[in-house]
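These notes are about the structure you will find just below.
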Amino acid sequence: MKSIVLSIFLVVSFAHEVHAQLNDYKYIVVPKKFDGFNRENQYKTSTLIKHLFTERGFKAVYEDSLPDDLKENGCLGLFVGLDNQSSMFTTKTTLVLKNCSNEEVFTTVQGKSKKKEYEPSFAEAIENAFRSFDGISYNYQPKAQEETSEPVTVSFKNDVKKLEERPNLNKNRSPLVEQETSEERQYYKDNRPVESDYKKAEETTEKVVKQVATENEQSFESMEPEVTSDYSIKDTPKTPSPSMMKNDIGVLYAQELSNGYQLVDSTPKIRMKLLKSSSPNVYIAESGTINGVVYTENGKWFFEYYNANELVTEELNIKF
(Lines give C-alpha, C1' and ligand atoms only; values in the text may rest on other atoms or scores of the structure.)
Protein backbone atom coordinates (compact mmCIF):
# COMPACT_ATOMS: atom_id res chain seq x y z
CA MET A 1 0.00 0.00 0.00
CA LYS A 2 2.81 2.39 0.88
CA SER A 3 4.51 1.75 -2.45
CA ILE A 4 1.29 2.52 -4.35
CA VAL A 5 0.80 5.79 -2.45
CA LEU A 6 4.43 6.72 -3.09
CA SER A 7 4.05 6.00 -6.80
CA ILE A 8 0.92 8.14 -7.00
CA PHE A 9 2.69 10.94 -5.13
CA LEU A 10 5.66 10.80 -7.52
CA VAL A 11 3.39 10.87 -10.59
CA VAL A 12 1.41 13.83 -9.24
CA SER A 13 4.61 15.69 -8.32
CA PHE A 14 6.08 15.07 -11.78
CA ALA A 15 2.89 16.23 -13.50
CA HIS A 16 2.81 19.36 -11.36
CA GLU A 17 6.45 20.14 -12.18
CA VAL A 18 5.89 19.64 -15.92
CA HIS A 19 2.71 21.71 -15.72
CA ALA A 20 4.65 24.59 -14.11
CA GLN A 21 7.47 24.35 -16.68
CA LEU A 22 5.20 24.39 -19.73
CA ASN A 23 3.13 27.29 -18.36
CA ASP A 24 6.21 29.53 -18.67
CA TYR A 25 6.01 29.40 -22.47
CA LYS A 26 3.42 31.07 -24.69
CA TYR A 27 4.05 29.24 -27.96
CA ILE A 28 4.97 25.84 -29.37
CA VAL A 29 7.04 26.25 -32.54
CA VAL A 30 6.65 23.41 -35.04
CA PRO A 31 9.13 23.08 -37.95
CA LYS A 32 7.87 22.42 -41.45
CA LYS A 33 10.63 19.80 -41.90
CA PHE A 34 12.06 17.74 -39.06
CA ASP A 35 15.69 16.63 -38.91
CA GLY A 36 16.25 13.33 -40.67
CA PHE A 37 13.34 13.77 -43.09
CA ASN A 38 13.78 14.41 -46.81
CA ARG A 39 10.99 16.94 -47.42
CA GLU A 40 8.60 19.28 -45.66
CA ASN A 41 5.71 17.73 -43.77
CA GLN A 42 6.83 14.25 -44.76
CA TYR A 43 4.21 11.66 -43.70
CA LYS A 44 2.16 14.70 -42.50
CA THR A 45 4.26 14.84 -39.33
CA SER A 46 4.27 18.66 -39.03
CA THR A 47 0.54 19.16 -39.56
CA LEU A 48 -0.32 16.32 -37.17
CA ILE A 49 1.95 17.57 -34.37
CA LYS A 50 0.65 21.14 -34.69
CA HIS A 51 -2.93 19.85 -34.61
CA LEU A 52 -2.34 17.70 -31.51
CA PHE A 53 -0.72 20.58 -29.61
CA THR A 54 -3.57 22.95 -30.55
CA GLU A 55 -6.09 20.31 -29.51
CA ARG A 56 -4.52 20.27 -26.02
CA GLY A 57 -4.78 24.05 -25.58
CA PHE A 58 -1.28 25.10 -26.70
CA LYS A 59 -0.65 27.96 -29.14
CA ALA A 60 1.17 26.05 -31.86
CA VAL A 61 2.72 27.99 -34.77
CA TYR A 62 4.90 27.07 -37.70
CA GLU A 63 8.51 28.26 -37.65
CA ASP A 64 7.97 30.43 -40.75
CA SER A 65 4.80 32.12 -39.39
CA LEU A 66 5.88 33.51 -36.04
CA PRO A 67 3.77 36.20 -34.29
CA ASP A 68 5.39 39.58 -33.67
CA ASP A 69 6.05 39.12 -29.95
CA LEU A 70 7.75 35.77 -30.60
CA LYS A 71 9.93 37.34 -33.30
CA GLU A 72 11.07 39.95 -30.80
CA ASN A 73 11.53 37.46 -27.95
CA GLY A 74 12.27 33.89 -29.05
CA CYS A 75 12.30 32.76 -25.42
CA LEU A 76 8.47 32.90 -25.38
CA GLY A 77 8.38 29.64 -27.32
CA LEU A 78 9.34 25.99 -27.03
CA PHE A 79 10.76 24.43 -30.18
CA VAL A 80 9.64 20.93 -31.16
CA GLY A 81 12.08 18.24 -32.20
CA LEU A 82 11.09 14.78 -33.45
CA ASP A 83 13.51 12.03 -32.44
CA ASN A 84 12.98 9.22 -34.95
CA GLN A 85 14.40 5.89 -33.77
CA SER A 86 12.39 3.74 -36.16
CA SER A 87 13.61 0.30 -37.22
CA MET A 88 12.64 -1.84 -40.20
CA PHE A 89 9.47 -3.20 -38.60
CA THR A 90 8.63 -0.64 -35.89
CA THR A 91 8.16 3.13 -36.02
CA LYS A 92 9.48 4.80 -32.87
CA THR A 93 9.16 8.53 -32.22
CA THR A 94 9.83 10.83 -29.28
CA LEU A 95 8.99 14.53 -29.03
CA VAL A 96 11.58 16.84 -27.45
CA LEU A 97 10.72 20.43 -26.44
CA LYS A 98 13.66 22.84 -26.13
CA ASN A 99 13.81 26.49 -25.08
CA CYS A 100 15.63 29.37 -26.73
CA SER A 101 18.87 28.28 -25.04
CA ASN A 102 18.60 24.83 -26.66
CA GLU A 103 17.91 23.27 -23.26
CA GLU A 104 15.50 20.34 -23.04
CA VAL A 105 12.41 21.36 -21.11
CA PHE A 106 10.22 18.33 -21.75
CA THR A 107 10.59 14.94 -23.45
CA THR A 108 7.68 12.59 -24.14
CA VAL A 109 7.62 8.84 -23.86
CA GLN A 110 8.54 6.93 -26.99
CA GLY A 111 5.53 6.27 -29.19
CA LYS A 112 5.54 3.05 -31.21
CA SER A 113 3.63 1.57 -34.14
CA LYS A 114 3.98 -1.61 -36.19
CA LYS A 115 1.80 -0.56 -39.09
CA LYS A 116 3.38 -1.29 -42.46
CA GLU A 117 2.61 1.98 -44.28
CA TYR A 118 4.70 4.98 -43.25
CA GLU A 119 2.04 7.67 -42.89
CA PRO A 120 -0.40 5.77 -40.62
CA SER A 121 2.54 4.27 -38.74
CA PHE A 122 4.04 7.69 -37.92
CA ALA A 123 0.58 9.02 -37.04
CA GLU A 124 0.01 6.24 -34.50
CA ALA A 125 3.50 6.56 -33.00
CA ILE A 126 3.18 10.35 -32.60
CA GLU A 127 -0.27 10.06 -31.04
CA ASN A 128 1.09 7.50 -28.57
CA ALA A 129 3.94 9.87 -27.69
CA PHE A 130 1.41 12.64 -27.03
CA ARG A 131 -0.05 10.59 -24.18
CA SER A 132 2.68 12.20 -22.09
CA PHE A 133 0.60 15.39 -22.17
CA ASP A 134 -2.52 13.67 -20.80
CA GLY A 135 -3.42 15.03 -17.40
CA ILE A 136 -1.41 18.24 -17.96
CA SER A 137 -3.57 21.36 -17.78
CA TYR A 138 -1.67 23.99 -19.76
CA ASN A 139 -2.27 27.69 -19.00
CA TYR A 140 0.34 30.24 -20.07
CA GLN A 141 1.50 32.38 -17.13
CA PRO A 142 3.78 35.28 -18.11
CA LYS A 143 6.82 35.87 -16.00
CA ALA A 144 6.94 38.95 -13.79
CA GLN A 145 8.77 41.11 -16.32
CA GLU A 146 6.25 40.19 -19.04
CA GLU A 147 3.04 40.76 -17.06
CA THR A 148 2.85 44.52 -17.49
CA SER A 149 3.22 46.59 -20.61
CA GLU A 150 2.62 49.89 -18.82
CA PRO A 151 5.37 52.44 -19.30
CA VAL A 152 7.70 53.07 -16.39
CA THR A 153 7.14 56.48 -14.84
CA VAL A 154 10.34 58.29 -14.00
CA SER A 155 10.23 61.27 -11.66
CA PHE A 156 12.74 64.07 -12.08
CA LYS A 157 11.33 66.00 -9.12
CA ASN A 158 14.54 65.87 -7.09
CA ASP A 159 16.75 66.38 -10.12
CA VAL A 160 15.34 69.73 -11.28
CA LYS A 161 17.09 71.68 -8.55
CA LYS A 162 20.36 69.94 -9.28
CA LEU A 163 20.11 70.77 -12.95
CA GLU A 164 19.32 74.40 -12.23
CA GLU A 165 22.32 74.69 -9.93
CA ARG A 166 24.73 73.51 -12.60
CA PRO A 167 26.15 76.20 -14.86
CA ASN A 168 24.81 75.92 -18.38
CA LEU A 169 28.01 75.70 -20.37
CA ASN A 170 26.17 75.34 -23.67
CA LYS A 171 23.62 78.14 -23.28
CA ASN A 172 25.33 80.22 -25.95
CA ARG A 173 25.65 77.31 -28.35
CA SER A 174 23.01 76.70 -30.96
CA PRO A 175 22.16 73.14 -32.08
CA LEU A 176 24.07 71.85 -35.07
CA VAL A 177 20.83 71.41 -37.00
CA GLU A 178 17.61 73.35 -36.38
CA GLN A 179 14.62 72.15 -38.34
CA GLU A 180 10.83 72.36 -38.19
CA THR A 181 8.46 71.18 -40.91
CA SER A 182 4.69 71.51 -40.67
CA GLU A 183 1.82 72.80 -42.71
CA GLU A 184 2.11 76.23 -41.11
CA ARG A 185 5.84 76.43 -40.41
CA GLN A 186 8.95 75.72 -42.51
CA TYR A 187 12.37 76.33 -40.95
CA TYR A 188 15.81 74.82 -41.41
CA LYS A 189 19.23 75.95 -40.24
CA ASP A 190 22.47 73.95 -40.50
CA ASN A 191 25.28 75.10 -38.20
CA ARG A 192 27.68 72.28 -38.99
CA PRO A 193 31.05 73.33 -40.45
CA VAL A 194 31.48 72.33 -44.07
CA GLU A 195 34.79 72.04 -45.84
CA SER A 196 34.40 73.70 -49.22
CA ASP A 197 35.91 72.18 -52.33
CA TYR A 198 35.44 74.28 -55.45
CA LYS A 199 37.83 72.21 -57.58
CA LYS A 200 35.20 69.59 -58.38
CA ALA A 201 33.89 70.79 -61.70
CA GLU A 202 31.63 67.76 -61.95
CA GLU A 203 29.49 68.87 -59.00
CA THR A 204 25.85 69.30 -59.95
CA THR A 205 24.07 72.60 -59.58
CA GLU A 206 21.97 71.18 -56.77
CA LYS A 207 25.06 70.24 -54.71
CA VAL A 208 26.62 73.67 -55.22
CA VAL A 209 23.42 75.41 -54.08
CA LYS A 210 23.25 73.23 -50.95
CA GLN A 211 26.92 73.92 -50.13
CA VAL A 212 26.58 77.68 -50.45
CA ALA A 213 23.41 77.60 -48.34
CA THR A 214 25.21 75.59 -45.65
CA GLU A 215 28.24 77.92 -45.56
CA ASN A 216 25.92 80.89 -45.10
CA GLU A 217 24.20 78.94 -42.29
CA GLN A 218 20.88 79.40 -44.08
CA SER A 219 19.96 82.37 -41.89
CA PHE A 220 16.34 83.08 -42.71
CA GLU A 221 14.86 86.48 -41.80
CA SER A 222 11.59 84.86 -40.78
CA MET A 223 10.75 81.46 -39.32
CA GLU A 224 7.22 81.74 -40.69
CA PRO A 225 7.37 81.10 -44.47
CA GLU A 226 4.72 82.82 -46.52
CA VAL A 227 2.80 81.06 -49.24
CA THR A 228 3.73 83.26 -52.15
CA SER A 229 2.75 83.02 -55.75
CA ASP A 230 5.46 81.80 -58.03
CA TYR A 231 4.46 84.57 -60.40
CA SER A 232 4.50 87.51 -57.94
CA ILE A 233 8.03 88.68 -58.74
CA LYS A 234 9.22 92.17 -57.97
CA ASP A 235 9.31 94.58 -60.90
CA THR A 236 7.39 92.10 -63.10
CA PRO A 237 3.68 92.02 -63.94
CA LYS A 238 1.45 89.63 -61.98
CA THR A 239 0.41 87.96 -65.21
CA PRO A 240 2.90 85.08 -65.59
CA SER A 241 4.85 84.27 -68.68
CA PRO A 242 4.57 80.66 -69.94
CA SER A 243 8.11 79.72 -68.88
CA MET A 244 8.29 81.60 -65.55
CA MET A 245 7.12 78.71 -63.36
CA LYS A 246 9.68 76.17 -64.55
CA ASN A 247 12.71 78.46 -64.69
CA ASP A 248 12.09 80.30 -61.41
CA ILE A 249 11.47 77.38 -59.08
CA GLY A 250 13.45 74.34 -60.19
CA VAL A 251 12.94 71.25 -58.03
CA LEU A 252 9.85 71.22 -55.79
CA TYR A 253 9.68 68.91 -52.79
CA ALA A 254 6.29 67.46 -51.84
CA GLN A 255 5.33 67.39 -48.15
CA GLU A 256 2.21 65.40 -47.30
CA LEU A 257 -0.81 67.15 -45.74
CA SER A 258 -4.08 65.69 -44.53
CA ASN A 259 -5.84 66.73 -47.74
CA GLY A 260 -2.96 66.61 -50.23
CA TYR A 261 0.55 68.07 -50.43
CA GLN A 262 2.43 71.32 -50.17
CA LEU A 263 5.31 71.96 -52.56
CA VAL A 264 8.39 73.75 -51.21
CA ASP A 265 11.59 74.83 -52.90
CA SER A 266 15.14 74.49 -51.57
CA THR A 267 14.88 77.75 -49.59
CA PRO A 268 12.58 76.22 -48.21
CA LYS A 269 9.52 78.25 -49.13
CA ILE A 270 6.00 76.98 -49.76
CA ARG A 271 5.34 77.51 -53.47
CA MET A 272 2.11 75.68 -54.07
CA LYS A 273 -0.58 73.59 -52.39
CA LEU A 274 -2.04 70.51 -54.06
CA LEU A 275 -5.52 69.49 -52.86
CA LYS A 276 -6.86 66.00 -53.54
CA SER A 277 -9.59 65.58 -56.12
CA SER A 278 -11.91 62.68 -56.94
CA SER A 279 -9.42 61.43 -59.55
CA PRO A 280 -6.08 59.87 -58.57
CA ASN A 281 -2.94 61.80 -59.58
CA VAL A 282 -5.04 64.90 -60.32
CA TYR A 283 -4.82 67.75 -57.79
CA ILE A 284 -6.44 71.17 -57.44
CA ALA A 285 -3.51 73.57 -57.36
CA GLU A 286 -3.32 76.86 -55.43
CA SER A 287 -0.35 79.20 -55.91
CA GLY A 288 -1.07 82.63 -54.50
CA THR A 289 -3.79 84.17 -56.67
CA ILE A 290 -3.34 81.62 -59.44
CA ASN A 291 -5.43 78.45 -59.40
CA GLY A 292 -5.35 75.48 -61.69
CA VAL A 293 -4.79 71.73 -61.75
CA VAL A 294 -1.67 69.56 -61.44
CA TYR A 295 -1.68 66.12 -63.05
CA THR A 296 0.75 63.43 -64.18
CA GLU A 297 1.17 62.10 -67.68
CA ASN A 298 3.86 59.71 -68.97
CA GLY A 299 5.73 59.94 -65.68
CA LYS A 300 5.88 63.77 -65.73
CA TRP A 301 3.91 66.38 -63.76
CA PHE A 302 2.15 69.34 -65.40
CA PHE A 303 0.48 72.50 -64.09
CA GLU A 304 -2.44 73.89 -66.12
CA TYR A 305 -4.09 77.27 -65.51
CA TYR A 306 -5.73 80.10 -67.44
CA ASN A 307 -3.82 83.31 -68.18
CA ALA A 308 -5.96 86.02 -69.75
CA ASN A 309 -8.39 83.40 -71.08
CA GLU A 310 -5.49 81.43 -72.52
CA LEU A 311 -4.79 77.89 -71.25
CA VAL A 312 -1.16 77.54 -70.14
CA THR A 313 0.48 74.14 -69.50
CA GLU A 314 3.85 73.96 -67.72
CA GLU A 315 5.96 70.99 -66.65
CA LEU A 316 6.91 70.74 -62.95
CA ASN A 317 9.87 68.91 -61.40
CA ILE A 318 8.28 67.42 -58.23
CA LYS A 319 10.09 65.14 -55.81
CA PHE A 320 7.71 63.05 -53.67
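Beyond a 28 Å Cα-Cα separation, which of these cross-linked pairs lie in this structure: LYS44/LYS71; LYS98/LYS143; LYS59/LYS114; LYS50/LYS112; LYS71/LYS115; LYS44/LYS143?
Too far apart for the 28 Å limit: LYS59/LYS114; LYS71/LYS115; LYS44/LYS143.
Could you tell me the center-to-center distance, by alpha carbons, between region 70-124 and region 254-273 in angstrom?
Here the two parts' Cα centres lie 60 Å apart.
For an R0 of 30 angstrom, estimate the FRET efficiency from the Cβ-Cβ distance between LYS116 and ARG56 and round to the nearest 0.05.
According to the calculation, E is roughly 0.55.
Taking θ as phi - 60°, what are the ³J(HN,Hα) couplings along region 40-51 by the Karplus curve (6.51, -1.76, 1.60), each to the nearest whole Hz, with x for Gly and Pro?
So the J values, rounded to whole Hz, are 5, 6, 5, 6, 6, 5, 5, 5, 5, 5, 4, 5.
Taking 30 Å as R0, compute the FRET efficiency from the Cβ-Cβ separation of ASP69 and ASN259 and round it to 0.05.
0.25
Hey, can you grab everything whose amide H is under 5 Å from the amide H of ASN307? Only 5+ residues off in sequence or another chain; H modelled, so Pro and N-termini drop out.
Those qualifying (amide H under 5 Å, at least 5 residues apart or on another chain) are VAL312.
Multiply the residue gap between GLN85 and ASP35 by 0.36 nm, knock off their C-alpha separation, and tell me the result in nm, one decimal place. Walk me through the numbers before you get to the answer.
Values: separation 50, 0.36 × 50 = 18.00 nm, distance 1.20 nm.
Result: 16.8 nm gained on full extension.
What does the net charge come to around GLU104 if you take all other residues with beta carbon closer than 13 Å to its beta carbon, with K and R at +1 and D and E at -1?
Details: positive: LYS98; negative: ASP83, GLU103.
In short, -1.
Is the shape of region 21-94 best called rounded, prolate or oblate, per the rule: a/c under 1.5 gives rounded, else a/b larger than b/c gives prolate, else oblate, with a ≥ b ≥ c the square roots of the Cα gyration tensor eigenvalues?
prolate
Quick check: residue separation of VAL293 and CYS100 times 0.36 nm, minus the Cα distance between them. What number comes out in nm?
The VAL293-CYS100 span can extend by a further 63.6 nm.
Compare the Cα positions of GLY111, MET88, GLY74 along the charge dipole of region 68-120 (+1 at Cβ of Lys, Arg; -1 at Cβ of Asp, Glu; about the Cα centre) and return the one farthest towards the positive end.
Farthest along the dipole direction, towards plus: MET88.
Ignoring ligands, DNA and RNA, how do GLU315, GLU40 rank by accessible area with a 1.4 Å probe, largest first?
If we order GLU315, GLU40 from most to least accessible, we get GLU40, GLU315.
The values are calculated or read from the model by the stated rules, or taken from the named source; none is laboratory data. None of these values were measured; they are calculated from a predicted model. Note: ideal-geometry Cβ built from the backbone for every residue, glycine included; neighbour counts use all protein chains shown. Remember, those area values only see protein heavy atoms, side chains included, never the ligands or the DNA or RNA. Shrake-Rupley method; radii C 1.70, N 1.55, O 1.52, S 1.80 Å.
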